[in-house]
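Notes to accompany the following structure.
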Amino acid sequence: DLEFVATASNVSATLEFECAARQLISQEIPLVNSGDKSLTIRAAITGDCFSGPRELVVPALSTEQYPLRFKPTWIGEYLGELSFTISNSNEANTYRLKGISEEPLAEGHVTIDCKARQSSSVTLTVPNLFGLDREATYTVYSDLSSVTGEPTLKVPTASTAPFELTISPSKSGVFHGSVTFTAPNGQYVWYTLDVNSARPPEEGNIQVQAKVREAVMIAIPLFNPTDEEISFNVYFMGDGVLGRSNLRIKPHESCEYELYFSPLFEMEGKGSVHFVSDAVGEFWYKLSLKATTAVEEMVEEMVCEVGTRTSRMVAVQNPLGEEVMLSASSSNTRNFTVSPSQLVIPPYGLADVSIEYIPSSLNEVETAEVTLQDPSVGVWVFKCSGHGLTPTVMETTYVTAGIGQSASSMVTFTNPFPAAISIALSLKTEEKAGVFGIMVKRMRGITMAPFANLQIPVAFSPERMALHKGELLVEVEGGDAIVWTFPLEGVSESLNQANTFRYKTKARTRLQDQLEVTLSGLGPLGKDEPFTHELVMQNPAERAALKRALHITANQHAITSPDEPLTFTLTFEPLRVLHTSVDFVITKASGGRWRFEIILEATEPDIDGTIVLESAVNQTDTKTINIVNPEPTSKSVPFSVALTPESAMEFTFTPMKGYLDGGNPTPVSVMFTPKEYGKMVVGRLVVQTDDMQWMYDLKGTRPKYDPPKGTSKVKADVQHTEEMESRIESASMTKSASKNFIRGNLTRKLNKK
């Protein structure tokens, strides 16, 4: 016989719920009937805020969902239990229930559109939290200062009550907040609020008019009616409107706010200025803006002789905090031109523009409008005028030639008139015939087109060492006599190519010598003749260095005899390496010039020091030297740093260039980074300014490598015989003797042959 005993299964589990207070959430629990008969399941629930049906029938071979609900009345943690029992059976399933209730959600969201400094109202429908239990009495609170209403509200049992909310914002803007209704037991109902406050009506309309790039001030009166000091934030809109961003007014005092209108363009538009304070709210003024054409700046009249030119400078200021580029133009390009044609002005900077006038008529006023403009700053207009005068003496033309030689120079004549003219050329001089000459085929009846140019070659052939003068006359034929006079100055010069002076010394040393020159072709002197001397630099790059390094002083002040040489004291004190030449020019007061070539060479100076750097392979050693300008000045001196071409690649330096500031030391660092083992490497570092040079020898080494030496020592308690001691000593001597393996290998190789 078999006997089966089946016991009822008791299933236990935990269900957790989480939601806001007064919200309902539901959880469906599946009940499965796998038998062939329907089941009646009874449910028993304990604990607050949990609910569900007491009984549920599950048909055979099917599944039903049991709806378990959780609706907390307030914030907190709720515990309970749910038990399922099957009829006609002792089988039961038990669930532990846990519910967590958080802060309640807002009953609603209210959006209120209104105007600042005006009142608007909205009505809220507030429920009774206690339902059928009792009447609810709420205390009302809002976190928006502009919201007002009754401080309390009573809501009947199982009903709702209206609550009127009044909004009176003092300033415009969007404000977010809430209003809360709180019961005596701490439970509450609340609503979220959005207040869209439009700006209030303007206090007035202010008409403002100004010329472009001129400023107009508007005084706006303000008064503080309170017992506290008021702080205003000031906001303004409109092109060209400027002013302070804040303002303080003491209690019961008044003041004037200064608002400026400074337009950059012609325009008509609208603007506004707003005064905002937490104490008194917001008020504002509408601005009607009008910018008229800028005042045309009158440039002082320009006057010059026909055939010449004159100019005026005008200043332009950039009113913006950014760089601007002005384009220049002229309404009369024949007579008035602008330089430069494009001008870049830094932020808030000032720049000068040159307006040049070239007359094309006699005693007639010629005018033009010069315009400077940029899209971002507008237009400047300058009214220009000028007239031409009868020509007199033009600029002097200089020509230089040696005794017995000829040279020529060009005199450029321009027809300044808008009509063709016929001219005649003539030469006026007190010099001997042939000293000056005009190298043209026709001297009269030369026709020139309007504004055409004519190159007139003038020849000069001196016979003595003197200053020769003459005049080239250009005369308009017919009508009024108009004559241009071009002064001519011919200088006799002796170029002593065979007599070259050479001076050589080390840089940063001083060489002083007597320079003696003979003035060839001087001729007889009636009296002592004063003279001057100068140095003419052939190489512009060496001009700064030579100006400091080379000085020549005359030992006498006059030429007393044609046979007596002139002596000078020459001092050559170069600070850096150079090789160049200069012309030493002597000029006699009554005319005549002698030119001598001086060749100057400054070799490398003594080394300023040796820098030794030591570093392991792929490591860097750095040494720093300080460079000081030997002649401190008020301005910085640029310098450059370089390694000579033969310097090792392992050397580097920093910086490559910089400035020596007065007498303060400037650091220059040298680095040595070896890439492989080997012998010592060398280099040379050169630091140079326009006037000075420093040189340092560089030596790069690696640390000496000492291989580790090991010793062995064995201590043993062994007694050696005399024969054994002799064998040990012999073996030790054999081991210590070094063996030349290369020699042995070569010997064996030769023996094989």
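The values are calculated or read from the model by the stated rules, or taken from the named source; none is laboratory data. Predicted model only: the values in this text are computed from it and were never measured. Cβ sites come from the backbone with ideal geometry, for glycine too, and all protein chains shown count toward neighbours. The area values use the complete protein model at the heavy-atom level, side chains included, leaving out ligands, DNA and RNA. Shrake-Rupley method; radii C 1.70, N 1.55, O 1.52, S 1.80 Å.
Based on DSSP H segments of at least four residues, each scored -39500 (n - 2.57), the chain has a per-residue ellipticity at 222 nm of -1500 deg cm²/dmol. Taking label positions 7 Å along the Cα-Cβ direction at both residue 42 and residue 500, the computed distance is 13.5 nm, reported to one decimal. Looking at the stretch 273-347, the accessible area is 50 square angstrom per residue; that uses a 1.4 Å probe and ignores ligands, DNA and RNA. Applying the Karplus relation 6.51 cos²θ - 1.76 cosθ + 1.60 with θ = phi - 60° to the stretch 660-671 yields 3J(HN,Hα) values of 8, 8, x, x, 7, x, 10, x, 10, 9, 10, 10 Hz, where x marks Gly and Pro. Holding the Cα-Cα limit at 25 Å, pick out from 115/270; 623/657; 657/679; 469/588; 441/588; 469/527 the pairs that are longer than that. From 115/270; 623/657; 657/679; 469/588; 441/588; 469/527, over 25 Å: 657/679; 441/588.
Take the Cβ atoms of residue 334 and residue 362, set R0 to 25 Å, and the FRET efficiency comes out at 0.95. The share of accessible area on the chain that comes from carbon and sulfur is 50 percent, using a 1.4 angstrom probe.
Enter the accessible area per residue of the stretch 496-555 (Å², integer; probe 1.4 Å; all protein chains in place). The partial results should precede the final answer.
Values: 3860 Å² over 60 residues.
In whole numbers, the stretch 496-555 has 64 Å² accessible per residue.
On average, how much area does the Cα convex hull of the stretch 439-533 cover when viewed from any direction, in nm²? Intermediate results must be reported in sequence, preceding the final value.
Working: hull surface 51.6 nm².
Reported value for the Cα convex hull: 12.9 nm².
Could you calculate the contour length gain from residue 62 to residue 676, that is, 0.36 nm times the residue separation minus the distance between their Cα atoms, to one decimal place in nm?
On the way: separation 614, 0.36 × 614 = 221.04 nm, distance 8.79 nm.
That works out to 212.3 nm of additional length.
Excluding same-chain neighbours fewer than eight residues apart, the aspartates and glutamates reachable from residue 98 by a Cα-Cα span under 12 Å are 16, 18, 48, 77, 81. Using only the alpha-carbon atoms, how far is helix 741-752 inclined from the longest principal axis of the chain? Give it as 0 to 90 degrees, nearest 10. Rounded to the nearest ten degrees, it is 70. Computed from Cα atoms, the angle from the helix 722-736 axis to the main principal axis of the chain rounds to 60 degrees.
Comparing 33, 391, 378 along the charge dipole axis of the chain, the residue lying farthest to the positive side is 391, per the Cβ-charge model. With no solvent and one point on each alpha carbon, what is the Debye value of log10 I(q)/I(0) for the stretch 393-503 at q = 0.09, 0.12, 0.17 Å⁻¹? Log-scaled intensity ratios, in q order: -0.29, -0.48, -0.81. Sites listed here are trypsin sites (Lys or Arg not before Pro) in the stretch 519-579 whose DSSP assignment is loop and whose Cβ has at most 10 other Cβ atoms within 10 Å: 527.
Take the Cα of residue 139, step 7 Å toward its Cβ, do the same at residue 532, and the gap between the two points is 10.2 nm. With R₀ set to 56 Å, the beta-carbon distance separating residue 510 from residue 648 gives a calculated FRET efficiency near 0.95. For residue 178, which sequence-distant residues (separation of 5 or more, or a different chain) have an amide H within less than 5 Å of its own amide H, given hydrogens modelled in the peptide plane? Close amide H contacts, sequence-distant or interchain: 143, 144, 193. Pop a pseudo-label 7 angstrom from the Cα along the beta-carbon direction at both residue 27 and residue 430 and give the gap in nm to one decimal. Taking the simple label geometry, residue 27 and residue 430 are separated by 12.9 nm.
With a ≥ b ≥ c the root eigenvalues of the C-alpha gyration tensor of the chain, is it rounded (a/c under 1.5), prolate (a/b larger than b/c) or oblate?
Working: a/c = 3.99, a/b = 1.51, b/c = 2.65.
Since a/c reaches 1.5 but b/c is at least a/b, the shape of the chain is classed as oblate.
Once the chymotrypsin sites (Phe, Trp or Tyr not before Pro) in DSSP loops with at most 12 neighbouring Cβ atoms within 10 Å are cut out of the chain, the longest remaining piece is 5-347. Among the trypsin sites (Lys or Arg not before Pro) found in the stretch 10-83, those both in a DSSP coil and sparsely packed, with 15 or fewer other Cβ atoms within 10 Å of their Cβ, are 37, 54.
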